[in-house]
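The values are calculated or read from the model by the stated rules, or taken from the named source; none is laboratory data. This is a predicted model, so every value here is computed, not measured. Positions of Cβ are generated from backbone atoms using ideal geometry, with glycine treated the same way; all protein chains shown enter the neighbour counts.
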Amino acid sequence: MHDIPDDHPRAASLRLRAAIAEHHATGLVAETGPISHGRGEAFDYILGEDTPAPVHEDIRASVALLLQAKHPVISVNGNAAALAPDALIALAEAIPAKLEVNVFYGRTEQRERQIADFLKTHGAKEVLGVNPAARVPHLTSARASVDACGMAKADVIVVPLEDGDRAEALVAWGKKVISIDLNPLSRTAKTATLNICDNITRALPLMKQAANELKGNASEIAKLTASIDNKKSTARVLAFMRERLATLEKELTA
Ligand code: PTJ
């Protein structure tokens, strides 16, 4: 559908844009989904479109949290589904965790079902969150609707690509929240138990790899979860960005 030559220097990035555009046209991606994507792209430029070294540690720690959980759940919105359907399913299978649709914009059963069906066409066996009955306490947005068998009883929830009020409400509800957000300054990234500052398309496969490596290693899992400190992790990411910008500045003025 999109005419992106393989040898285009920005081919990978353009393909992600094309996925957002294509799924925006079908309603899978929300009206403002492309704006969110652009904000993510801007932060990814600062990272050099690569997973920063300290974030590899956050990825291992977040996966340890998921492996320790009794009821881990991965939340899926329109952008996440459009960008990384296979990787979401692969991580859910590796942990194992449940997949649950949770959207902010235009929340209708039709949109919930559209995202769930899309994941199923990619091989997901079960997707929760279609017409869910439970609610996140003290949250008024559409994101408050959660599945009684999913997020309502979850102890650890992966929240990719959302900035707003939900992470805080989930933490207040006693859940541990792992966000995936390229913007380390977003409300979600700051209130999460741990933010993974990376592109979802890179973070999810690395998370799956870490799950396969850590599985069964209880002492390493316990060590990693005990070391979680989101403020420290965010500070490391900001330092990484500052140093990268300083290096780029030096290269230009040398
Ligand atoms: O499908 P819906 O209705 O639930 O809506 C989904 C969006 C993404 C539109 C909604 O959650 C939203 O408006 O999110 P925000 O407030 O724009 O926050 C999204 C965050 O994800 C921003 O901080 C972006 O920097 C970040 N982001 C965007 N693309 C990526 C990303 N982080 C990681 N990987 C990306 N590819």
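Has segment 122-130 got any residue that is within 13 Å of the ligand (Cβ to nearest atom), over 16 Å from the mean Cα position of the chain (by Cα) and at pLDDT below 95? Within segment 122-130, not a single residue is within 13 Å of the ligand (Cβ to nearest atom), over 16 Å from the mean Cα position of the chain (by Cα) and at pLDDT below 95. The helices (runs of 4 or more DSSP H) falling completely within segment 156-244 that include 1 or more residues that are away from the ligand (no atom under 16 Å from the Cβ), farther than 19 Å from Leu99 by Cα and of a type outside the set (A, V, I, L, M) map to 200-214, 218-226. Scanning segment 1-46 for residues that are in a helix (DSSP H, G or I), more than 22 Å from Pro184 (Cβ to Cβ) and not aliphatic (A, V, I, L, M) yields Arg15, Arg17, Glu22, His23, His24, Thr26. I need a count of the residues in segment 144-155 that are polar (S, T, N, Q) and in a helix (DSSP H, G or I). Within segment 144-155, residues that are polar (S, T, N, Q) and in a helix (DSSP H, G or I) number 0. Quick check: anything in segment 61-77 of a type in the set (Ser, Thr, Tyr), away from the ligand (no atom under 13 Å from the Cβ) and either at pLDDT 95 or above or on the phi < 0 side of the Ramachandran plot (or both)? Yes, segment 61-77 has at least one match. Every test in (1) closer than 30 Å to Leu14 by Cα; (2) surrounded by fewer than 23 Cβ atoms within 10 Å (Cβ to Cβ); (3) more than 11 Å from the ligand (Cβ to nearest atom) is passed by Ala133 save one, and that test is (1). Taken over segment 47-59, the criterion of being within 11 Å of the ligand (Cβ to nearest atom) and over 20 Å from Ala210 (Cβ atoms) is satisfied by Glu49 alone. For segment 73-91, state whether one or more residues are farther than 18 Å from Ala19 by Cα and assigned to a loop (DSSP other than H, G, I, E, B). The answer is no; no qualifying residue exists. Looking only at residues in segment 3-44 that are surrounded by 12 or more Cβ atoms within 10 Å (Cβ to Cβ) and of a type in the set (Ser, Thr, Tyr), the one that is farthest from the ligand (Cβ to nearest atom) is Ser13.
The one condition from (1) more than 9 Å from the ligand (Cβ to nearest atom); (2) aliphatic (A, V, I, L, M); (3) surrounded by fewer than 16 Cβ atoms within 10 Å (Cβ to Cβ) that Ala90 does not meet is (3). Considering only residues in segment 93-104 that are outside any helix (DSSP H, G or I), of a type outside the set (A, V, I, L, M, F, W, C) and away from the ligand (no atom under 13 Å from the Cβ), the one that is surrounded by the most Cβ atoms within 10 Å (Cβ to Cβ) turns out to be Lys98. Checked against (1) basic (Lys, Arg); (2) free of Cβ contacts under 8 Å to residues at least 60 places away in the same chain; (3) touching a helix residue (DSSP H, G or I) at 6+ places or on another chain (Cβ under 6 Å), Lys190 passes all but a single condition, namely (3).
Quick test for you: out of Ala142, Ala134, Ala152, Ala203, pick the one residue that is closer than 30 Å to Tyr45 by Cα and not basic (Lys, Arg).
Working: Ala142 fails: closer than 30 Å to Tyr45 by Cα; Ala134 fails: closer than 30 Å to Tyr45 by Cα; Ala152 fails: closer than 30 Å to Tyr45 by Cα.
Selected residue: Ala203, the only one of Ala142, Ala134, Ala152, Ala203 that is closer than 30 Å to Tyr45 by Cα and not basic (Lys, Arg).
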